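Undergrad: This is the structure I have questions about; it appears just below.
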Amino acid sequence: MTKPGTRRRWSDLNGVERVGLYTRQSLYLVLLGFNGLLLVPVALRLDDRGEAVALLSGGAVVTALGFAAAMAVLRRFPAVQPLPWRRIAALLIGCGIYYAIAATAWTGDARGAAVTSVVATLTLTLGLLPGPRLPLALLALSGLLFWISGGEPTDAAPGLFFAATFLVTARASMWLLGIVTDLDVARQAQAQLAVVEERLRFSRDVHDVLGRRLSTIAVQAELAATLAKRGDARAAERMLEVRGVAHEALREARELARGYRSTDFHKELEGARSLLRSAGIEVRLSVDAMPRAWHEAAGWVVLESVTNVLRHSDARLVDIAYADGELRVDNDGAHPGGSSDGSGLCGLRERLSPLGASLVAQPDGGDRWTVVARFPGSGPLSATDTTGFPA
């Protein structure tokens, strides 16, 4: 939600903020428009200019008090407490005075318009407040006000109709806004969980890769120590094996830290699609033509791009496609003023450069952001040394 007191352009708002702004402005417009269209025509038809001025002035005060109370309630959404009691009290007092004047001093259309304005303002504004019993109380109050002003029990029917109409408008608007807000909170939680799951996956990789190496080192070192105590010449051979395993563990640790661990490209794509969909983002894939020798490097691009989408965008759709030597990862939720010089992308360029590949990340018009990796030839220049694919 937009913080009170801040002004931002419509294009700078995310989806939830746009729904919130639209809901608030719609409720304000309903309140102002209804009272204006109700009171002004009646005032113009009155022969008594003083009564017409009083009708419009009182209606303007009641509308302003309702507007202020509604604004205070909506600014607190989705929080419930504390309620804006001062503005609510001012609204009740203003409506009470206006109603008392209308019921005692005016007749005909002027009285009816004033009473209807009071009922509409109270039900639309107070209907925004939470509580299951409040709608029933507002319905009863509205019917009673119309009954008293009209003098007959049947006069309560229009009051109940107007109250029900504005209560449904207020409650439905807040219900829809609440659902959108809850869905956005759930989406953010899912995105955070997806990042946590990825961290857990990396920790499992570290455990799987280094755990068995360290266990081997421990066992062989213990065996070498036992052989050395016995004076067995094989102790030196065992220690050389320990050294070899230690070097292998160090190499694998560096590969894990630098992201050079060999992966299955198609599994990485499925993992990326699962992560994005868990965050409420749809994915379209078209990578069947990707050369097998470039799978490892393409996996790095997909992982880094998906991470950036989750952390730095409000995307609803991500396209991952390969054609004519280019892998493109495009999303539709780029933030205004985004930069292509992030540390992750810079590191990815450094990893792709020795393989003869290049990377470009830039906005692609409006709110779209595109990452393009160019993979020339049939495979990496240093596939044997870096990726583990056969030359």
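Undergrad: Taking segment 171-200 only, how many residues are of a type outside the set (Phe, Trp, Tyr) and within 15 Å of PRO78 (Cβ to Cβ)? Talk me through it step by step, then tell me what you get.
TA: Let us first name the residues in segment 171-200 that are of a type outside the set (Phe, Trp, Tyr), namely 171-174, 176-200.
Going one step further and asking which of them are within 15 Å of PRO78 (Cβ to Cβ), we end up with 171, 173-174, 176-186, 188.
So the answer is 15.
Undergrad: While we're here: Here are ARG277, ARG251, ARG243, ARG311: which of them is at pLDDT below 80, surrounded by fewer than 16 Cβ atoms within 10 Å (Cβ to Cβ) and within 30 Å of ALA218 (Cα to Cα)? Lay out the reasoning, then the answer.
TA: On the way: ARG277 fails: within 30 Å of ALA218 (Cα to Cα); ARG243 fails: at pLDDT below 80; ARG311 fails: within 30 Å of ALA218 (Cα to Cα).
Sole residue among the options that is at pLDDT below 80, surrounded by fewer than 16 Cβ atoms within 10 Å (Cβ to Cβ) and within 30 Å of ALA218 (Cα to Cα): ARG251.
Undergrad: Would you please list the contacts, defined by Cβ atoms under 6 Å and residues six or more apart or on different chains, that run from a residue in segment 370-391 that is closer than 30 Å to HIS335 by Cβ and among the hydroxyl-bearing types (Ser, Thr, Tyr) to a residue that is assigned to a loop (DSSP other than H, G, I, E, B) and modelled with pLDDT under 85?
TA: Matching pairs, first to second residue: THR370/ASP364.
Undergrad: A follow-up question, please. Can you work out which of the residues in segment 320-340 that are hydrophobic (A, V, I, L, M, F, W, C) and closer than 14 Å to VAL309 by Cβ is modelled with the lowest pLDDT? First the steps, then the outcome.
TA: Within segment 320-340, the first condition is being hydrophobic (A, V, I, L, M, F, W, C), and the residues that meet it are 320-321, 323, 327, 329, 334.
Filter again for closer than 14 Å to VAL309 by Cβ, leaving 320, 329, 334.
Working: ILE320: 92, VAL329: 91, ALA334: 76.
Top of the filtered list is ALA334.
Undergrad: Just the residues that are within 21 Å of ALA70 (Cα to Cα) and out of contact with any helix residue (DSSP H, G or I) (no Cβ under 6 Å at 6 or more places or on another chain), please, taken from segment 141-154. I'd like the intermediate steps shown before the answer.
TA: Residues of segment 141-154 within 21 Å of ALA70 (Cα to Cα): 141-142.
Listed by number, the list holds a single entry, LEU141.
The values are calculated or read from the model by the stated rules, or taken from the named source; none is laboratory data. Just so we're clear, the structure is a prediction, and the values are computed from it rather than from any experiment. Because the Cβ atoms are built from the backbone with ideal geometry, glycine has one as well, and the counts that use them run over all protein chains shown.
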